[in-house]
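Have a look at the structure below, then the notes.
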Amino acid sequence: MHKTFVAESNKGMVEYLLGAGYADARVADAMLSMDRKAFVPPQYAEHAYDDYPLPIGYGQTISAPSIVAVMSKELDVRKGMKILEVGAGSGYQAAVLSYLVGETGKVLTIERLSGVAELAKRNLANLGVKNVEVIYGDGTKGWQPEAPFDRVIVTAASPDIPKPLAEQLKEGGKLIIPVGSTYWQDLVLIEKKGGALIRKDFLPVMFVPLIGEHGFKE
Ligand code: SAM
């Protein structure tokens, strides 16, 4: 399991993430631009920069900053890319990715709970983030109207790799997803090469479950 930390400011949090190797320079820049406090409910504001997941309501969570950093780094996001996220939650991960893809890129983030989708929209609008589209629906089916994607990121625990997400990934693309049980998972990085899926399991994690047609059942 990774080490946790407590920080006083967004800058302090990002310095820690960079020093500990969770973030690289590009991910650190993105996280500096997107203050985590803007995505945390007011009652948890004093913990906004601590390395813990926090409740966002509806039984859901905003992921720990080290996990957001590692997933963003491993995805190796470039300017102009089109990214699909499954599990919008607070909108924080999408905001970090939106900075990495820049104005010429786009992030689509799907959320299965309408109240949470509205929360993500509000948080992103408050920060003036323009290149993220929040979609309400079952993200295990992907989003065919905008496929294929350069990168796919799933921020909820899945029993396996949902087939539609692998299909909607571009050749040469990368997909990151926690795979395992509803209690603990391995973070898995998939690369599509010559049509095949090359799999690397690299970090034990704990996410809330991915619930849907190609995930866990309700
Ligand atoms: N990325 C989020 C953030 O930055 O705050 C954290 C995501 S939270 C750990 C997981 C989210 O996935 C929850 O909001 C949950 O409702 C959502 N979720 C679960 N199953 C889903 C599905 N099939 N499609 C879309 N969202 C789903």
Scan segment 35-89 for residues that are assigned to a helix (DSSP H, G or I), of a type in the set (D, E, K, R) and over 21 Å from GLU118 (Cα atoms) and jot them down. GLU46, LYS73, GLU74
Answer yes if at least one residue in segment 118-134 is within 30 Å of GLY195 (Cβ to Cβ), surrounded by fewer than 20 Cβ atoms within 10 Å (Cβ to Cβ) and touching a Leu at 6+ places or on another chain (Cβ under 8 Å), and no otherwise. yes
Of the residues in segment 66-124, those that are within 12 Å of the ligand (Cβ to nearest atom), more than 12 Å from the chain's Cα centre (by Cα) and free of Cβ contacts under 8 Å to residues at least 40 places away in the same chain come to SER114, ALA117, GLU118, ALA120, LEU124
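Criterion first (more than 15 Å from the chain's Cα centre (by Cα), surrounded by 20 or more Cβ atoms within 10 Å (Cβ to Cβ), at pLDDT 95 or above and of a type outside the set (A, V, I, L, M)) does GLY139 satisfy it?
On the way: more than 15 Å from the chain's Cα centre (by Cα): no; surrounded by 20 or more Cβ atoms within 10 Å (Cβ to Cβ): yes; at pLDDT 95 or above: yes; of a type outside the set (A, V, I, L, M): yes.
Criteria not met by GLY139.
Can you name every residue in segment 152-208 that is of a type in the set (A, V, I, L, M, F, W, C), in a loop (DSSP other than H, G, I, E, B) and either open to solvent by 40 Å² or more (accessible area, probe 1.4 Å) or in contact (Cβ under 8 Å) with a residue 60 or more places away in the chain (or both)? Before you say what the answer is, go through the steps one by one.
Residues of segment 152-208 that are of a type in the set (A, V, I, L, M, F, W, C), as a first pass: 152-154, 156-157, 161, 165-166, 169, 175-177, 179, 184, 187-190, 196-198, 202-203, 205-208.
Subset that is in a loop (DSSP other than H, G, I, E, B): 156, 161, 184, 206-208.
Matches in segment 152-208: ALA156, TRP184, MET206, PHE207, VAL208.
Among the residues of segment 41-65, count how many are of a type in the set (A, V, I, L, M) and in contact (Cβ under 8 Å) with a residue 60 or more places away in the chain.
So in segment 41-65, the residues of a type in the set (A, V, I, L, M) come out as 45, 48, 54, 56, 62, 64.
Filter once more, so that each one left must be in contact (Cβ under 8 Å) with a residue 60 or more places away in the chain: 56, 64.
Number satisfying all stated conditions: 2.
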Across segment 66-99, what is the number of residues that are of a type outside the set (Lys, Arg), at negative phi and open to solvent by 10 Å² or more (accessible area, probe 1.4 Å)? 6
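It is to be established whether one or more residues within segment 135-153 are under 19 Å from PRO55 (Cβ atoms) and in contact with a Gly (Cβ under 6 Å, 6 or more places away or on another chain).
From segment 135-153, those under 19 Å from PRO55 (Cβ atoms) are none; that's our starting set.
Checked against the condition, which is being under 19 Å from PRO55 (Cβ atoms) and in contact with a Gly (Cβ under 6 Å, 6 or more places away or on another chain), segment 135-153 yields no hits at all.
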Name the single residue, out of those in segment 44-65 being of a type in the set (Gly, Ala, Ser) and within 9 Å of the ligand (Cβ to nearest atom), that is most open to solvent (accessible area, probe 1.4 Å). GLY59
Kindly evaluate LEU203 against the criterion of being aliphatic (A, V, I, L, M) and in contact with a helix residue (DSSP H, G or I) (Cβ under 8 Å, 6 or more places away or on another chain). yes
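The values are calculated or read from the model by the stated rules, or taken from the named source; none is laboratory data. Please read these numbers as outputs of a predicted model, since none were measured by experiment. Don't worry about glycine lacking a Cβ; one is built from the backbone with ideal geometry, like all the others, and counts go over all protein chains shown. We work out accessible area using only protein heavy atoms, side chains counted, and drop any ligands, DNA or RNA first. Shrake-Rupley method; radii C 1.70, N 1.55, O 1.52, S 1.80 Å.
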